[in-house]
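Following: one structure in structure tokens, then a few remarks.
The values are calculated or read from the model by the stated rules, or taken from the named source; none is laboratory data. Everything numeric here is computed off the predicted structure, so don't read it as measured data. All Cβ positions, even for glycine, are placed from backbone atoms using ideal geometry, and neighbour counts span all protein chains on display.
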Amino acid sequence: MDYASIRNKYTEEMTSFFKGGAFPEKSSADMRFAIDSQRKRLNKVGLTMEKKFDKIGTDPDMAWTYKKYPYNYTVLQHRYNYEADFYRDDEKIARSDLNEETLYVGVLEKENVGQERCTCKNCGHSDLLSKFVSGCPMCGTTYEMVQTYPCVSGYYTRPTLLNKKVAKGTSKFLFFYFGIFGVILGLIAGLSISQEQGYGVLGSIAMTLFTIFLFAGGILLFALIFSIFMAGPLLAGKSVAQHKQVADVESAVRTKERMEADLKKYIPDFSYEVFEEKVISLLRGIVFTDDRKNLTIYDGNDDLSFMNDIVDLEYRGGVEYVGHSVINNVLRVSVKAFVVCAYYLNGNVLFQKQTFSMILAKKVKEEDLGFTIHAVNCKKCGGSFDAIHVSTCPYCGAGYSLIEDNWVVNQITFAMK
């Protein structure tokens with residue numbers, strides 16, 4: 001599958017979406033909810049936003065794939081120039097200019113989706129899934145068919161250490177201008193020697209070419225030595241400074257192996273990358289919803305009113321594993337998520353690094369990569385409905401608990417960076 005084309009089209013559609021365009025065609029159901037809620041938040045305070053994704057270079061994408069039949073989850077990464085611009089009354093008031101970033105995009109696909117069958121849990125009728133789009137063709141039980149495949153299930157960026165564009169630009173600058181300087185000196189020297197020695201036309205040309213080669217080569221050699229002994233330490237210093245900026249994220253990523261070793265005891269197919277995307281998806285959903293009180297993906301009692309001023313949230317690329325516990329077959333996992341929040345306060349957009357400490361809970365059972373809260377199945381009647389703000393089946397009244405099927409956030413606290 002051409003994942004790169006899916007990614008490229010998705011980023012283009014994301015740019016137009018926040019300016020009032022249509023939903024990105026390949027968005028997963030959970031992503032559609034999150035970005036729709038965010039756009040409504042922006043519009044509520046009179047803002048629009050433009051996210052720009054400019055790919056750098058033609059190097060092939062790096063990719064990582066996690067397979068669990070019938071799903072394939074692939075994460076692509078490539079360097080991008082990325083920024084988010086904020087507008088009020090068509091006037092730019094702020095820019096989240098992160099410069100060169102590594103963009104990560106997760107694509108979820110499902111095998112044999114066109115031949116998938118569905119059995120109505122109300123009347124037992126079985127047919128192709130496509131026949132259930134408007135409900136069971138026999139009894140009329142409604143089914144929400146909101147997930148399409150392949151779909152983009154998440155994206156985030158991480159700072160690129162030692163910006164290659166800047167490094168290449170600096171090298172080209174040094175060698176270009178040092179080279180021109182060497183050619184000029186060589187030309188002057190060659191003409192002077194030829195005139196002094198009384199060389200003819202051919203002799204003058206040969207002498208000039210020789211002195212140009214000698215001077216230009218020598219000066220370029222000097223530029224190379226200069227870049228090694230002078231520019232090298234400067235770039236190293238920049239690298240150290242950049243590492244300090246992302247030290248918390250780098251430390252978080254190093255908890256991956258310990259997290260997978262611990263949680264695979266309860267969920268054998270547990271994946272850090274899949275869980276990481278789930279954490280950010282849940283966080284975005286909680287931050288941008290206007291009906292947090294009835295939100296089924298969060299069942300805590302924390303004061304989250306500060307989130308009402310957040311107009312953008314960028315994941316910095318690290319979920320740190322803190323620990324876990326299992327009580328009554330419910331697995332609780334404590335993590336830290338590192339993000340940058342854009343707050344709209346007093347007419348200004350302010351950016352703040354934050355660390356969210358979260359506790360997520362789920363019944364001990366296998367992961368369902370295709371699960372979406374926006375199309376859950378009632379355990380009693382089989383009807384499908386959007387459960388993001390609903391805890392009872394709208395068809396039969398039976399209660400529904402998300403923790404039976406997927407992760408729920410029990411607690412959120414935060415600290416400023």
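Considering the stretch 371-384, and only residues there that are surrounded by 20 or more Cβ atoms within 10 Å (Cβ to Cβ) and not β-branched (V, I, T), the residue that is nearest to I327 (Cα to Cα) turns out to be C378. Scan the stretch 324-349 for residues that are touching a residue at least 24 places away in the same chain (Cβ under 8 Å) and either aliphatic (A, V, I, L, M) or under 22 Å from S251 (Cα atoms) (or both) and the total you get is 17.
In the set D405, D309, only one residue is over 30 Å from G124 (Cβ atoms) and among the acidic types (D, E); that residue is D309. Screening the candidates T102, T157 for the property of being modelled with pLDDT under 85, under 27 Å from E276 (Cβ atoms), assigned by TED's automatic domain parsing to the domain that holds L369 and crowded, with 18+ Cβ neighbours inside 10 Å yields one hit, T157. Filtering the stretch 336-343 for residues that are over 20 Å from E276 (Cα atoms), of a type in the set (A, V, I, L, M, F, W, C) and in a strand (DSSP E or B) leaves a non-empty set.
Looking across the stretch 1-33, the residues that are among the small types (G, A, S) and either over 17 Å from Q77 (Cβ atoms) or within 14 Å of the chain's Cα centre (by Cα) (or both) come down to S16, G20, G21, A22, S27, S28, A29. Restricting attention to the stretch 80-98, does a residue exist that is in the same structural domain as D61 (by TED's automatic domain parsing), modelled with pLDDT under 75 and not in a loop (DSSP other than H, G, I, E, B)? Yes.
State the number of residues belonging to the stretch 293-313 that are in a helix (DSSP H, G or I) and surrounded by fewer than 19 Cβ atoms within 10 Å (Cβ to Cβ). I'd like the intermediate steps shown before the answer.
Taking the stretch 293-313 and keeping what is in a helix (DSSP H, G or I), we get 293-294, 305-309.
From what's left, surrounded by fewer than 19 Cβ atoms within 10 Å (Cβ to Cβ): 293-294, 305-306, 308-309.
Here the count works out to 6.
Among the residues making up the stretch 372-401, a single one is at pLDDT 85 or above, touching a helix residue (DSSP H, G or I) at 6+ places or on another chain (Cβ under 7 Å) and among the hydroxyl-bearing types (S, T, Y): T372.
What are the residues in the stretch 243-264 that are under 21 Å from V326 (Cβ atoms) and either surrounded by 13 or more Cβ atoms within 10 Å (Cβ to Cβ) or of a type in the set (D, E) (or both), if any? Residues satisfying the conditions are T255, K256, E257, M259, E260, D262, L263.
Here S204 qualifies as in a helix (DSSP H, G or I), touching a Gly at 6+ places or on another chain (Cβ under 9 Å) and at pLDDT 75 or above.
Taking the stated definitions as given, is V326 buried (at least 16 other Cβ atoms within 10 Å of the Cβ), in a strand (DSSP E or B) and modelled with pLDDT of 90 or more? Considered against the rule, which asks whether it is buried (at least 16 other Cβ atoms within 10 Å of the Cβ), in a strand (DSSP E or B) and modelled with pLDDT of 90 or more, V326 comes out as no.
Scanning the stretch 37-52 for residues that are of a type in the set (D, E, K, R) and out of contact with any strand residue (DSSP E or B) (no Cβ under 9 Å at 6 or more places or on another chain) gives K40, K44. Looking at D269, is it touching a residue at least 40 places away in the same chain (Cβ under 8 Å) and in a loop (DSSP other than H, G, I, E, B)? Criteria met by D269.
The rows are residues; the columns are (1) surrounded by fewer than 13 Cβ atoms within 10 Å (Cβ to Cβ); (2) at pLDDT 75 or above; (3) among the aliphatic types (A, V, I, L, M); (4) not assigned by TED's automatic domain parsing to the domain that holds S96.
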position	(1), (2), (3), (4)
C151	no, yes, no, no
F173	yes, no, no, yes
T208	no, yes, no, yes
F215	no, no, no, yes
I225	yes, no, yes, yes
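Applying the condition of being in contact (Cβ under 8 Å) with a residue 40 or more places away in the chain and out of contact with any strand residue (DSSP E or B) (no Cβ under 6 Å at 6 or more places or on another chain) to the stretch 58-77 and asking which residue is surrounded by the most Cβ atoms within 10 Å (Cβ to Cβ) yields K68. Residues being more than 21 Å from D291 (Cβ to Cβ) and in contact with a helix residue (DSSP H, G or I) (Cβ under 6 Å, 6 or more places away or on another chain): count how many of those fall in the stretch 19-47. The qualifying residues number 2.
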